[in-house]
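Have a look at the structure below, then the notes.
The values are calculated or read from the model by the stated rules, or taken from the named source; none is laboratory data. Being a predicted model, the structure only gives us computed values, none of them experimental. A quick note on method: Cβ atoms are made from the backbone with ideal geometry, for glycine too, and the neighbour counts reach across all protein chains shown. SASA here: full protein model, heavy atoms, side chains in, ligands and nucleic acids out. Shrake-Rupley method; radii C 1.70, N 1.55, O 1.52, S 1.80 Å.
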Amino acid sequence: MNSRLNIIAGFKGGESYVKDLYVSLPFRVVSVGQRKSDKKLYQMVMSSSPGILDGDHYHLEVALEKGASLQLQSQSYQRLFNMKDKAVQELNVTMEDDTSFAYVPHPIVPHEDSNFKSKANVHIGKNSQIIISEIITCGRKHYGEVFKLKRFQNLMEIYHNNKLVVKDNVVIQPDLIPISSIGNLEQYTHQGTLIFYSTKENVDKNGLIEEIVESAAQHIEEMEVGVSAMEDNGFVVRALGHGGELMYNFFLYVQEILWSLE
């Protein structure tokens with residue numbers, strides 16, 4: 001199934017709003033920010049499908065006009081079902097100047113023999129910031145499906161002034177790369193990545209990293225967390241653990257720290 005989601009976040013009178021929205025099955029988008037007082041835009045992406053199926057091709061187009069702030073949320077865990085071939089998701093984000101975009105979705109659950117590639121292209125303007133993450137689980141652990149997927153790839157590219165400033169490529173392919181070997185996931189079953197990149201000049205990158213590391217220390221027995229600073233105003237948070245919910249809630253906490261930045 002070829003499925004599309006197109007959303008344009010506009011900005012008028014000091015408030016972000018849905019300027020244009022188009023979805024095809026199985027997508028649905030609903031507003032979840034009615035009780036927020038910050039005048040930013042909060043939208044939840046929902047799906048009538050139980051998960052991503054063989055042959056699915058998802059196209060997501062997100063645009064933020066000058067001044068807009070958009071936070072996308074997911075409804076639930078994303079399941080990748082058994083596949084003979086593969087499924088693909090493409091996310092294209094265009095951010096004009098003075099914008100903020102955040103997308104911290106629920107974890108992904110790859111079933112046995114799933115084959116999935118996700119590619120995100122982000123073009124960010126001046127005085128703007130992006131928060132985006134993904135969490136990959138081992139699969140249906142209680143059914144004995146521990147990394148029985150064929151292949152999983154998540155490729156992320158962020159551009160500023162048409163220059164590639166961030167590239168992150170997560171690939172899990174158990175038949176070629178032993179997932180439990182040293183330098184890979186070793187004994188862990190869940191891996192998460194959160195990327196923060198800002199073109200704002202007044203971002204205290206080191207202070208934010210310290211705050212995140214201190215917060216991660218509270219979960220030292222459940223997760224391993226590391227933060228890598230970029231040369232520019234940005235960093236990457238990597239997490240390893242044994243549970244998706246704990247990692248997801250930690251990423252939500254990090255998102256709230258970064259989302260409130262002016």
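Over all pairs of different C-alpha atoms, the stretch 64-112 has a mean inverse distance whose reciprocal, the Kirkwood radius, equals 13.3 Å. Rolling a 1.4 angstrom probe over the protein heavy atoms, how many square angstrom per residue are accessible across the chain? Heavy-atom SASA per residue in the chain reads 49 Å².
Listed options for volume of the Cα convex hull per residue in Å³ are [x] 161; [y] 152; [z] 131. The value calculated from this structure is the one marked [z].
Placing unit charges on C-beta atoms (Lys and Arg positive, Asp and Glu negative, everything else neutral), compute the dipole magnitude of the chain about its Cα centre in debye, rounded to 20.
820 debye
Projecting the Cα atoms of L185, Y17, S100 onto the dipole axis of the chain, where Lys and Arg carry +1 and Asp and Glu carry -1 at the beta carbon, places Y17 farthest toward the positive end.
Per-atom-type breakdown for the chain gives carbon and sulfur 47% of the accessible area (1.4 Å probe, protein chains only). A simple packing score, the average count of other Cβ atoms within 10 Å per residue, orders the peptides 147-155, 84-92 as 147-155, 84-92, with the highest score first. Averaging the Cα positions of each part gives two centres, and for the stretch 229-262 and the stretch 12-57 these lie 22 Å apart. Approximating the spin labels as points 7 Å out from Cα along Cα→Cβ, the M1-to-L53 distance works out to 0.6 nm. Given a 1.4 Å probe and the protein chains as shown, H59 ends up with an accessible area of around 30 Å².
Within a straight-line Cα-Cα reach of under 28 Å, K150 can be paired with the following lysines, leaving aside sequence neighbours fewer than 8 residues apart in one chain: K84, K86, K117, K119, K141, K167. With the cut-off at 1.5 for a/c, could you classify the stretch 102-200 from its C-alpha gyration tensor as rounded, prolate or oblate? Since a/c reaches 1.5 and a/b is larger than b/c, the shape of the stretch 102-200 is classed as prolate. Solvent-accessible surface (1.4 Å probe) assigned to Y103 amounts to roughly 40 Å². Run the reach check for K66 against aspartates and glutamates, Cα to Cα strictly under 18 Å, same-chain hits fewer than 8 apart removed. What comes back? Candidates past the 8-residue exclusion: E15, D20, D38, E96, D97, D98, E201, E262.
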